[in-house]
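Worksheet for the structure shown next.
Readers should treat all values here as calculations from the given coordinates under stated rules, not as data from a laboratory. What you see is a predicted model, and the numbers here were worked out from it, not measured in a lab. Positions of Cβ are generated from backbone atoms using ideal geometry, with glycine treated the same way; all protein chains shown enter the neighbour counts.
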Amino acid sequence: MYVIITQDNCSFCDKAKNLLKEQGLQFTAYNIGTSSSRWLRPLLLKADLRTVPQIFDSEGNHVGGFTELQAALK
C-alpha cells in the first residue's frame, strides 16, 4: 500500500491519487492541513521535503512526487 502526504488544493496530489487509482493500487493519504495529520509537517521539514505530494511505496521507500511516481509506474 502506498502512502501519499498531501494538502488541500494540490493538483499534483490529486493527480498522484488518480494515477494510483487508475493502476488499481491501494494507498492511504495524509493531509498535512488537517489537525490529525499536522504532526507530519515537522517530519517533512526535518527530512528536507518541502513540497507535496510526498509518496512512499508499500515497502516504505521514498518514491518522490507525482513525476517520480509516474516514472516508477511505467
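What's the whole-number percent of alpha carbon pairs in the chain lying beyond 21 angstrom?
Roughly 18 percent, rounded to a whole number.
Considering Cα pairs under 8 angstrom that are at least six residues apart, work out the relative contact order of the chain and quote it in whole percent. It would help to have the intermediate numbers written out before the result.
On the way: 105 pairs, mean separation 28.4, N = 74.
Normalised by residue count, the contact order of the chain is 38 percent.
Looking at the chain only, what percent of DSSP beta bridges run antiparallel? Nearest 5 please.
On the way: 5 of 10 bridges.
Percent antiparallel among DSSP bridges in the chain is about 50.
What's the magnitude of the charge dipole for the chain around its Cα centre, counting Lys and Arg as +1 and Asp and Glu as -1 at the beta-carbon? Answer in Debye, nearest 20.
On the way: 8 positive and 7 negative charges, 36 e Å.
I would put it at about 180 debye.
Just going by the charge dipole of the chain, with Lys and Arg at +1 and Asp and Glu at -1 on Cβ, which of F12, A47, I32 is farthest out on the positive end?
The listed residue farthest towards the positive side: I32.
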